[in-house]
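Take a look at the structure set out below.
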Amino acid sequence: MTKTRGIYIHIPFCTGKCFYCDFYSVRATPEVMKEYVAALILETRAAFGRVSEAVTDTVYFGGGTPSLMSPEDIAAILSAVSDGAPYAPEEITLECNPDPNTDFSAYRDAGVNRISMGVQSLNDGVLVSAGRRHTASDALKAVSKACEAFENVSVDLMLGLPGQSVSDVVSDVRTLAPSVKHFSAYMLKLEKGTKLYRFVSDKTVLLPSDDETADMYDACMGEMEKNGIYRYEISNFARDGYASKHNLKYWMRDEYLGLGAAAHGFQDGYRYHNPSSVSRYVSGENFGAGRTVNEYVSLADAKEEAIMLALRTDKGLDTDRFDAEFDADFFSDYRDEIAALASLTERDGSFFRIKRDKMLFESFVAREFMK
Ligand code: SF4
């Protein structure tokens, strides 16, 4: 069978910092962005020379805000990707912020075939309290324009933002679902070092309780289902045939090259990451698969990873695949853990999964399998 590979390309530029965000992202001049594209092309060429051969079938431009890059820049990067290794692209995603002035057709012509838009909420007050730089009206116009140019549009929502209610979330899904093929719905994680963390610590901002956020999650999923959009991973929901092929690679522990400053990759049994520094990246110093911090994934760690990642999906762990990959007998080797988790998990043929209504206990379940 031909080996396939995904490529993740990190574009670490944003026009400001959302209050909850702890990702690496910076403001940049057009000149720096040009240098960054040139460095990405160099890294792409170098990386293909250092890793085993595989067919590239998915590309994901994540950020940051990849749509700050011009369609010409995206085309140039894709050209380096397609020149460097066998290329049979099935899914090429561009993340973008909701800007109604975006020329979506130009990105389509550059080779992108899927848009993932960070809408987060359609309540203007909630957007302000999250430090977002768009309005609900911007988002609706941008989604509509994206859907004119692309058949496959995904929208990101956040749950548990300050001032957000269950009815906000239900209304957001009801408004957006008819147009889109896919949602990602992430529950807010309050990260140290962010503005929001400070506001909450100072008690100038109050977050919804964990129970309220869990109610938002359940209501969000219920409303999506009414619209024919079903969960396939704890935070991801799609119409039939529109689950993200690229993101599924992460949960299946398939290989992907990570390119760009702060990008992570998983290649030939190693996990690696590039330095979180645009200036070091554009200077060409110390980057790329096989060159930066490499962490060999031991057999024990690989087994834990495989279980932990697969349990995030609704299908669960394919134990036939697990047994073949690790020369194991899952149901026998983990007999005690499985017995201890009987109220939260279930077996479906050769698959082992978390019960549908217990998915929010995913971290607890995964911990049981860690030594
Ligand atoms: S747009 Fe995304 S990456 Fe940029 S600051 Fe906001 S959350 Fe972070």
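The values are calculated or read from the model by the stated rules, or taken from the named source; none is laboratory data. Since the model is a prediction, treat every value here as computed from it, not as a measurement. Virtual Cβ from ideal backbone geometry, glycine too; neighbours counted across all protein chains shown. Quick note on the areas: whole protein, heavy atoms, side chains included, nothing else; ligands and nucleic acids left out. Shrake-Rupley method; radii C 1.70, N 1.55, O 1.52, S 1.80 Å.
Brief remarks on what is shown
- Here the range 20-39 is the region considered, the condition is being surrounded by 20 or more Cβ atoms within 10 Å (Cβ to Cβ) and within 20 Å of the chain's Cα centre (by Cα), and the residue that is farthest from the ligand (Cβ to nearest atom) is 20.
- Residue list for the range 172-189, filter: within 9 Å of residue 153 (Cβ to Cβ) and either without any contact (Cβ under 8 Å) to a residue 12 or more places away in the chain or in contact with a helix residue (DSSP H, G or I) (Cβ under 6 Å, 6 or more places away or on another chain) (or both): 179
- Considering (1) assigned to a loop (DSSP other than H, G, I, E, B); (2) farther than 23 Å from residue 146 by Cα, the lone condition that residue 180 does not fulfil carries the number (2).
- Subset of the range 103-132 that is part of a helix (DSSP H, G or I) and of a type in the set (Asp, Glu) - its residue that is nearest to residue 67 (Cα to Cα): 109
- The range 190-205 - residue that is touching a residue at least 24 places away in the same chain (Cβ under 8 Å) and more than 24 Å from residue 363 (Cβ to Cβ) and, of those, most open to solvent (accessible area, probe 1.4 Å): 195
- In this structure, residue 265 does not satisfy being touching a residue at least 24 places away in the same chain (Cβ under 8 Å), open to solvent by less than 10 Å² (accessible area, probe 1.4 Å) and either at positive phi or acidic (Asp, Glu) (or both).
- Within the set 16, 62, 6, the sole residue that is within 16 Å of the ligand (Cβ to nearest atom) and part of a strand (DSSP E or B) turns out to be 62.
- Selection from the range 126-157 of residues that are closer than 23 Å to residue 58 by Cα, within 16 Å of the ligand (Cβ to nearest atom) and in contact with a His (Cβ under 9 Å, 6 or more places away or on another chain): 154, 155
- Condition met for residue 316 (among the small types (Gly, Ala, Ser) and surrounded by 15 or more Cβ atoms within 10 Å (Cβ to Cβ)): yes
- Within the range 319-338, the set of residues being open to solvent by 70 Å² or more (accessible area, probe 1.4 Å) and more than 29 Å from the chain's Cα centre (by Cα) comprises 327, 329, 333, 335, 336.
- Qualifying residue in the range 310-330 (condition: at pLDDT below 95 and either in a loop (DSSP other than H, G, I, E, B) or of a type in the set (Ser, Thr, Tyr) (or both)): no
- Across the range 98-125, the number of residues qualifying as open to solvent by less than 50 Å² (accessible area, probe 1.4 Å) and within 16 Å of the ligand (Cβ to nearest atom) comes to 9.
- The listed residue being away from the ligand (no atom under 16 Å from the Cβ), modelled with pLDDT of 95 or more and either more than 20 Å from residue 283 (Cβ to Cβ) or crowded, with 23+ Cβ neighbours inside 10 Å (or both), out of 53, 90, 95: 90
- Candidate set: the range 231-241, residues that are open to solvent by less than 50 Å² (accessible area, probe 1.4 Å) and assigned to a loop (DSSP other than H, G, I, E, B); chosen: the one farthest from residue 64 (Cα to Cα): 234
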